[in-house]
């Protein structure tokens, strides 16, 4: 069985937010969506879509996915990762939350053959805290980071009330991330 080592990088934000996941190659893009949601962690509360460098789109066709609103898309539950990304270096885009538009670049870092056994995915490494849901996309996130760094920032108290706790944009906990990632049944 092939295992894929994938770098999932949130684009256009600083400090960087990256997760390196190892997963069986025979999972669907729907399974990959669940892994990314748990690894970042996002909260599964918005629409998402995958797209190839060639412009093919994949999403959760049916249910809450409005293909007519966002363009034609193939059903992500029928597309297998290793059939779409065949070689090391192959890439795929993942957009989560069409309002905030969190764009991720997924890159195949390594493909290894593993004897049959556990199908469990794991996060190998990472950096940076995922932006909070509904923080206003990149401009809202940049404002949040600035407010957390400046105790005199005029919006700091309101943002702390909204968050319910301090926010460290550089925070990453591998053990906590793996507890969430391992909940995804593949």
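For segment 77-129, the set of residues classified as touching a helix residue (DSSP H, G or I) at 6+ places or on another chain (Cβ under 9 Å) and either part of a loop (DSSP other than H, G, I, E, B) or free of Cβ contacts under 8 Å to residues at least 24 places away in the same chain (or both) consists of 79, 90, 97, 98, 99, 100, 101, 120, 121, listed by residue number.
Counting only helices (runs of 4 or more DSSP H) that sit completely within segment 131-186, those holding 3 or more residues that are free of Cβ contacts under 8 Å to residues at least 40 places away in the same chain and within 19 Å of the chain's Cα centre (by Cα) correspond to 174-181. Taking (1) touching a residue at least 40 places away in the same chain (Cβ under 8 Å); (2) assigned to a loop (DSSP other than H, G, I, E, B); (3) farther than 23 Å from residue 125 by Cβ in turn, residue 15 satisfies each apart from (3).
Residue count for segment 1-27 under the criterion of being surrounded by fewer than 22 Cβ atoms within 10 Å (Cβ to Cβ), touching a helix residue (DSSP H, G or I) at 6+ places or on another chain (Cβ under 7 Å) and farther than 16 Å from residue 184 by Cα: the result is 3.
Pick out the one residue from 155, 133 that is at negative phi and loosely packed, with under 14 Cβ neighbours inside 10 Å. Step through it out loud before you land on a result.
Values: 133 fails: loosely packed, with under 14 Cβ neighbours inside 10 Å.
Among 155, 133, only 155 is at negative phi and loosely packed, with under 14 Cβ neighbours inside 10 Å.
Reported count of residues in segment 28-62, each being crowded, with 16+ Cβ neighbours inside 10 Å and assigned to a loop (DSSP other than H, G, I, E, B), is 6.
Flag: residue 110 does not match the condition of being surrounded by fewer than 18 Cβ atoms within 10 Å (Cβ to Cβ), under 17 Å from residue 22 (Cβ atoms) and at pLDDT below 95. When 87, 133, 103 are screened for being over 15 Å from residue 4 (Cβ atoms) and at pLDDT 95 or above, only 103 passes.
The values are calculated or read from the model by the stated rules, or taken from the named source; none is laboratory data. From a predicted model like this one, the values you see are computed outputs, not experimental measurements. Positions of Cβ are generated from backbone atoms using ideal geometry, with glycine treated the same way; all protein chains shown enter the neighbour counts.
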